[in-house]
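Trainee: Please see the structure below; I have some questions.
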Amino acid sequence: MYAGVSLDQAPPEDIPVRFFLSAPAYGIIAGLLIAIRGEDLFLSIWGSETIALTHLFTLGWLAMIMMGAFYQMVPVLVGGTVPFIRASRVVHSLFSLGVVLIVSGMYLAKEPFIIAGAAALAPSLLFFIVQISIALLKVKADRPTVVAMRISVTSFLITILLGIYFAGTHAFLWEMSDNRMGLTGTHMVTGLFGWVGGLIMGVGFHVIPMFYMTPEFPKKKASLILRLYGTSLLLLPLALLTNLGSLFYLGAAIPGLAALTLFGVETFALMGKRRRKIKDTTLKAWQRGLIILPPALIALIVTLFVDTEIPRFLFGHLFIVGFGLTVTTGMLYKILPFLVWFHRFSFLIGKVKVPLMKDICSDKKADRQLLLFLTSVVILFFGIASNFDIIIRAGGLVFFLSSAMLLLILVKMIRMKAPEVPQEKAQGMSL
Amino acid sequence: MSDIINSRKIITVDCRELEPPEPMIKVLEAVHHMGDDEAVMMVHRKRPRLLFPRLDELGLKHEIREERENRIKILIWREN
């Protein structure tokens with residue numbers, strides 16, 4: 001008999017949903033902030049208001065969606081059991097509160113808010129790490145997806161610990177190290193590449209073949225990608241912490257850059273071989289996100305050798321928003337309709353007419369929202385590159401509108417109700 | 001598995017070319033109409049993890065045979 005997922009082990013519907021619905025709310029705030037403050041937010045990556053904006057995207061959007069995705073995908077994709085699943089509601093509440101407090105604290109340069117935010121974020125995130133680690137350690141690491149998820153979670157833990165360290169300096173618990181740059185660089189590498197990049201690749205290995213009837217992602221290539229990626233995740237922080245200089249940083253990054261390139265090329269190739277030829281919104285999101293990845297990586301390389309702010313902002317914008325937000329938005333359009341369908345309609349099959357996935361989320365609306373979002377990415381790119389205030393504000397406004405539209409689409413999905421089952425069919429419900 | 005195959009009419013549902021959640025829809029429809037002397041054989045590329053709890057809820061038995069990578073057979077029947 002199969003010892004697989006029971007309905008007790010798969011998360012209740014509301015747990016991933018609350019994470020997914022929260023993300024565009026933070027996007028709305030981010031868009032408004034950019035529209036109101038314009039170029040002031042893009043003067044220096046070290047400015048407290050800029051750091052606040054960065055964490056709106058990385059915590060409020062990316063981490064929020066990725067945590068919801070972990071809760072949903074660990075049982076479904078790799079067969080793990082997430083323990084204490086009902087406590088995840090508290091994780092979400094504390095995490096949401098923590099993001100609001102810490103971002104406010106950073107933006108207003110008010111240390112009590114930063115400390116309070118960290119006090120909410122730390123337990124919620126560490127508890128999440130414990131939950132997911134237990135689940136992942138119980139499954140065999142014989143699939144690239146599992147290995148990638150483990151890399152992602154470990155990187156998230158390091159990112160969080162460094163975040164706690166930085167918050168502790170604001171609380172005067174300890175002094176900031178002389179190696180602030182090295183620690184911040186490590187925080188960025190483990191957060192963006194380890195946590196975000198690791199999970200996107202791990203999920204991609206599995207879901208692209210699953211959703212689009214492509215050949216399987218070649219296991220040897222996936223293993224090579226992860227070995228190269230893991231090498232850079234080890235070497236780059238070491239190089240940063242020992243301040244070895246740009247050439248060493250580049251050398252340490254090369255395996256990781258090669259891994260990301262190989263992942264992008266192979267994923268595109270697989271998409272070209274899909275048996276289901278229709279392009280839905282999620283596929284478009286994956287493709288656009290992967291197209292934006294190379295310019296992001298080029299911007300990163302430029303930052304190593306050119307000491308100006310614009311390449312740093314362009315890297316941040318292209319990697320976090322252009323790549324990370326695009327792909328996670330696309331995944332929302334696959335995961336959320338399926339969640340609604342599975343929890344509300346799947347048990348009615350054979351009893352009443354059950355909607356299909358396209359009835360739960362219209363591809364036309366999703367396409368329009370994705371187009372609006374990508375338009376904001378392009379406008380912001382030009383705004384940041386040219387340092388032209390009005391273009392930056394316009395980009396912020398369009399981003400605000402696309403986030404609001406996304407939130408409305410997601411809310412409409414979760415408000416769908418299951419139809420009434422006629423009396424005589426209800427009596428025959430259990431076969 | 002072979003006992004059931006030998007004693008019942010087998011309705012095969014090949015889901016290998018279907019994207020989620022069509023495999024679940026097809027199989028749940030098939031089991032809804034399945035007679036006591038029949039069994040449904042689902043052929044799939046991956047383990048449909050979310051299907052199994054639904055089958056348990058419906059009081060159905062199932063057995064899995066992994067023939068090779070990307071070809072899994074799941075036999076579903078109602079115990080008399």
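The values are calculated or read from the model by the stated rules, or taken from the named source; none is laboratory data. In this text the structure is predicted, and so the values were computed from the model without any measurement. So basically every Cβ, Gly included, is an ideal-geometry build from the backbone, and we count neighbours across all protein chains shown.
Trainee: Given the conditions (1) modelled with pLDDT of 95 or more; (2) assigned to a loop (DSSP other than H, G, I, E, B), which single one is not true for residue A:9?
Mentor: (1)
Trainee: Do we find that residue A:167 is surrounded by 19 or more Cβ atoms within 10 Å (Cβ to Cβ), hydrophobic (A, V, I, L, M, F, W, C) and within 14 Å of chain B (Cβ to nearest Cβ) in this structure?
Mentor: On the way: surrounded by 19 or more Cβ atoms within 10 Å (Cβ to Cβ): yes; hydrophobic (A, V, I, L, M, F, W, C): yes; within 14 Å of chain B (Cβ to nearest Cβ): no.
So residue A:167 does not fit the description; no.
Trainee: Let me ask something else about it. Which condition does residue A:327 not pass, out of (1) aliphatic (A, V, I, L, M); (2) at pLDDT below 95; (3) within 21 Å of the chain's Cα centre (by Cα), if it passes all the others?
Mentor: All conditions pass for residue A:327, except number (2).
Trainee: Among the residues of segment A:102-109, is there at least one that is surrounded by fewer than 18 Cβ atoms within 10 Å (Cβ to Cβ), more than 20 Å from the chain's Cα centre (by Cα) and closer than 21 Å to residue A:336 by Cα?
Mentor: Narrowing segment A:102-109 to residues surrounded by fewer than 18 Cβ atoms within 10 Å (Cβ to Cβ): A:104, A:108-109.
Still in the list and also more than 20 Å from the chain's Cα centre (by Cα): A:104, A:108-109.
Among the residues that remain, those that are also closer than 21 Å to residue A:336 by Cα are: none.
There is no residue in segment A:102-109 that is surrounded by fewer than 18 Cβ atoms within 10 Å (Cβ to Cβ), more than 20 Å from the chain's Cα centre (by Cα) and closer than 21 Å to residue A:336 by Cα.
Trainee: I want to confirm something. Restricting to segment A:360-380 and keeping residues that are in a helix (DSSP H, G or I) and over 20 Å from the mean Cα position of the chain (by Cα), which single residue is farthest from residue A:340 (Cα to Cα)?
Mentor: A:379
Trainee: Okay, next question. Quick one: which residue in A:291, A:254 is part of a helix (DSSP H, G or I), farther than 22 Å from residue A:217 by Cα and β-branched (Val, Ile, Thr)? Give the derivation first.
Mentor: Values: A:291 fails: farther than 22 Å from residue A:217 by Cα.
Just a single option satisfies the conditions, and that option is A:254.
Condition check ((1) more than 14 Å from chain B (Cβ to nearest Cβ); (2) among the hydroxyl-bearing types (Ser, Thr, Tyr); (3) surrounded by 16 or more Cβ atoms within 10 Å (Cβ to Cβ)) across all residues:
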residue	(1), (2), (3)
A:12	no, no, no
A:21	yes, no, yes
A:31	yes, no, yes
A:59	yes, no, yes
A:63	yes, no, yes
A:68	yes, no, yes
A:89	yes, no, no
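Trainee: Take the residues in segment A:334-373 that are buried (at least 22 other Cβ atoms within 10 Å of the Cβ) and at pLDDT 95 or above, then tell me which one is nearest to the other protein chains (Cβ to nearest Cβ).
Mentor: Out of the qualifying residues, it is A:366.
Trainee: Among the residues of segment A:208-252, count how many are surrounded by 21 or more Cβ atoms within 10 Å (Cβ to Cβ), aliphatic (A, V, I, L, M) and either touching a Gly at 6+ places or on another chain (Cβ under 6 Å) or under 18 Å from residue A:158 (Cβ atoms) (or both).
Mentor: 6
Trainee: Would you mention how many residues in segment A:13-44 are farther than 30 Å from residue A:343 by Cβ, in a helix (DSSP H, G or I) and among the polar types (S, T, N, Q)?
Mentor: 0
One line per residue, one yes/no per condition, for (1) more than 14 Å from chain B (Cβ to nearest Cβ); (2) in contact (Cβ under 8 Å) with a residue 12 or more places away in the chain; (3) hydrophobic (A, V, I, L, M, F, W, C):
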residue	(1), (2), (3)
A:254	yes, yes, yes
A:258	yes, yes, yes
A:277	no, no, no
A:295	yes, yes, no
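Trainee: If you don't mind, there's one more thing I want to ask. Name the residue that is modelled with the highest pLDDT, counting only residues in segment B:6-26 that are over 28 Å from residue A:277 (Cα atoms) and loosely packed, with under 13 Cβ neighbours inside 10 Å. Before the answer, list the steps.
Mentor: Of segment B:6-26, the ones over 28 Å from residue A:277 (Cα atoms) are B:6-11.
Still in the list and also loosely packed, with under 13 Cβ neighbours inside 10 Å: B:6-7, B:9.
Numbers: B:6: 82, B:7: 85, B:9: 92.
Residue satisfying both the conditions and the ranking: B:9.
Trainee: Can you tell me which residue among A:331, A:405, A:416 is outside any helix (DSSP H, G or I), under 30 Å from residue A:15 (Cα atoms) and of a type in the set (A, V, I, L, M, F, W, C)? Lay out the reasoning, then the answer.
Mentor: Numbers: A:331 fails: outside any helix (DSSP H, G or I); A:405 fails: outside any helix (DSSP H, G or I).
Going through A:331, A:405, A:416 in turn, just one is outside any helix (DSSP H, G or I), under 30 Å from residue A:15 (Cα atoms) and of a type in the set (A, V, I, L, M, F, W, C): A:416.
Trainee: Does residue A:79 meet the test of being of a type in the set (Gly, Ala, Ser) and either within 27 Å of residue B:50 (Cβ to Cβ) or crowded, with 22+ Cβ neighbours inside 10 Å (or both)? Please lay out each step first, then the result.
Mentor: Numbers: of a type in the set (Gly, Ala, Ser): yes; either within 27 Å of residue B:50 (Cβ to Cβ) or crowded, with 22+ Cβ neighbours inside 10 Å (or both): yes.
Answer is yes for this residue.
Trainee: Mind checking which pairs have a first residue in segment A:136-160 that is surrounded by fewer than 21 Cβ atoms within 10 Å (Cβ to Cβ) and a second that is outside any helix (DSSP H, G or I) and of a type in the set (S, T, N, Q), Cβ under 8 Å, 6 or more apart or different chains?
Mentor: A:138/A:81
Trainee: While we're looking at this one, here's another question. Which ranges mark the helices (runs of 4 or more DSSP H) fully within segment B:1-72 that have 3 or more residues being within 16 Å of residue A:76 (Cβ to Cβ), without any contact (Cβ under 8 Å) to a residue 60 or more places away in the chain and within 8 Å of chain A (Cβ to nearest Cβ)? Break it down stepwise before answering.
Mentor: Numbers: elements: B:2-7, B:22-32, B:51-57.
Where helices (runs of 4 or more DSSP H) fall fully within segment B:1-72 and carry at least 3 residues being within 16 Å of residue A:76 (Cβ to Cβ), without any contact (Cβ under 8 Å) to a residue 60 or more places away in the chain and within 8 Å of chain A (Cβ to nearest Cβ), they are B:51-57.
Trainee: May I ask you to list the residues in segment A:376-431 that are of a type in the set (Lys, Arg), over 28 Å from residue A:364 (Cβ atoms) and modelled with pLDDT under 95? Break it down into steps so the answer makes sense when it comes.
Mentor: The first filter runs over segment A:376-431 and keeps only residues of a type in the set (Lys, Arg), leaving A:393, A:412, A:415, A:417, A:425.
Checking which are over 28 Å from residue A:364 (Cβ atoms) leaves us with A:393, A:425.
Within segment A:376-431, A:425 is the sole residue that qualifies.
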